[in-house]
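Asks: Sharing a structure here in structure tokens format.
The values are calculated or read from the model by the stated rules, or taken from the named source; none is laboratory data. Just so you know, these numbers come straight off a predicted model, no measurement behind them. Ideal geometry is used to build each Cβ from the backbone, glycine not excepted, and the neighbour counts take in all protein chains shown. Surface accessibility is based on the protein's heavy atoms, side chains included, excluding ligands, DNA and RNA. Shrake-Rupley method; radii C 1.70, N 1.55, O 1.52, S 1.80 Å.
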Amino acid sequence: MKFTKFPLVVAAASLTFVAACDTSGPNQLQNTRQGAAIGAGAGALLGVLANSGGSVEDRQRGAAIGAALGGGVGAGVGNSLDKQAEELRRALRSDVGVSNNGNNLVVVLSQDLLFATNSTQVSGTSQRELQTVANSLNQYPDTTVNVIGHTDNVGEASFNQGLSERRAQAVASILLNGGVSSSRIRSIGAGENNPIASNLNDAGRQMNRRVEIVITPN
């Protein structure tokens, strides 16, 4: 029976993926490791497919090259998300949430911080925070930005839907005025449909009244 090294490449890639997904290390490096692992796995597979008609050595070489190139690209995307998230956390107020799930960044601003009751006029304080977000988006231009408005369930659902749309548009307009390209930004009104807390008490309703800026690498 002839022994080949090709299965070792697949095994090594699998071990790399498992090690990279281990979250026991520093949080700021987690997404970089995950991006590298995913990129390496995809690159290795593409390398094999590209050389499917060749010899075992050709497929093995293609997998190794693809893994190296894909891993570098994936690590770059993950590192960029980590870096941008950390910069935003330092620059924004403590009551502005910044979360990084490895696929995108989500900046969350309470509508009570952004707007007066039933208003779509962004407060001066929030305009400064949004300008900080716009500056960050301009520094990391290879992303798509969804601005999503949310409400609680007090009042008519149709009114809440329209209010969420207008508030999302108001936030998106400030990002546009901050120099972010219109081709990158989409405003969306979710109304009362995606609560993150109970609408049965004041604290929950306050959490549900929010605007999310979702930043996704292209």
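Asks: Counting only C-alpha contacts under 8 Å and six or more residues apart, can you give the relative contact order of segment 109-213 as a whole percent?
Replies: Details: 182 pairs, mean separation 39.1, N = 105.
After rounding, I find 37 percent.
Asks: Just want to confirm a number: the relative contact order over segment 131-181, from Cα pairs under 8 angstrom separated by 6+ residues, in percent.
Replies: Numbers: 33 pairs, mean separation 27.2, N = 51.
The value is 53 percent.
Asks: Could you put E86, E129 in order of accessible surface area, largest first, with the 1.4 Å probe and the full protein assembly present? Provide the component values of the computation, followed by the final result.
Replies: Details: E86 80, E129 25 Å².
In descending accessible area the options line up as E86, E129.
Asks: When you count, for each residue, the other Cβ atoms within 10 Å and take the mean per peptide, how do 179-189, 165-175 rank with the highest first? Before the final figure, lay out each step's value.
Replies: On the way: 179-189: 15.3, 165-175: 20.8.
So the peptides 179-189, 165-175, ranked by packing, come out 165-175, 179-189.
Asks: Once ligands and nucleic acids are excluded and a 1.4 Å probe is used, how much of T120 is accessible, expressed in Å² to the nearest 10?
Replies: 60
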